[in-house]
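Some notes on the structure that comes next.
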Amino acid sequence: MEKIRIIIADDHKMILEAITSLFKAENDFELLGASCDGEGAVQLAKDLKPDIALLDFEMPKMNGIVAARKIKVVSPDTVVFILSFHEGEPYRKMAFDAGTAGFISKSTPFEDIVEMIKMVVKRNDEVSNFELVVF
């Protein structure tokens, strides 16, 4: 299996550094880039055409929902997930309406996020009934 190419965007430096470090340590993933805002995430997706974009919900310049919509235009094959501390139904609905594959709580264990992403890539389809992705 080829490495899963991923970009990550989060405006909290410590969270961004932690997530990128964790993905760098995963043999099945290739971290292509990271950004601290939505505009940077869209540019990374446009330039690098990743398999996966993992976006924070709330970011400066452009939030994750708007960035997800734009990424689907500039890199249609990129599967987008929203990552957030927010867990309410309105947030999940916004992510769903933006065409993302899922909404992941930041309280989710990293190993579970990795397995979910691998499952999506393997199936090459959106996850609809995975317990971590709530729509």
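The values are calculated or read from the model by the stated rules, or taken from the named source; none is laboratory data. This one's a predicted model, so the numbers in the text were calculated from it and none came from an experiment. All Cβ positions, glycine included, derive from the backbone under ideal geometry; neighbour counts span all protein chains shown.
Here are a few things to note about the model shown:
- Consider region 1-51 and keep the residues that are β-branched (Val, Ile, Thr) and either touching a strand residue (DSSP E or B) at 6+ places or on another chain (Cβ under 7 Å) or modelled with pLDDT of 95 or more (or both). The one that is surrounded by the most Cβ atoms within 10 Å (Cβ to Cβ) is Ile7.
- Which listed residue, of Asp11, Asp37, Asp28, Asp47, is more than 13 Å from Val80 (Cβ to Cβ) and in contact with a Cys (Cβ under 9 Å, 6 or more places away or on another chain): Asp11
- Being modelled with pLDDT of 95 or more and either within 12 Å of Ile8 (Cβ to Cβ) or assigned to a helix (DSSP H, G or I) (or both) is a description that does not apply to Val120.
- Glu17 farther than 21 Å from Val66 by Cβ, part of a loop (DSSP other than H, G, I, E, B) and among the charged types (D, E, K, R): no
- The number of residues in region 68-95 that are more than 23 Å from Glu26 (Cβ to Cβ) and crowded, with 18+ Cβ neighbours inside 10 Å comes to 6.
- Residue count, region 34-67 (criterion: among the acidic types (Asp, Glu), closer than 17 Å to Lys13 by Cβ and assigned to a loop (DSSP other than H, G, I, E, B)): 2
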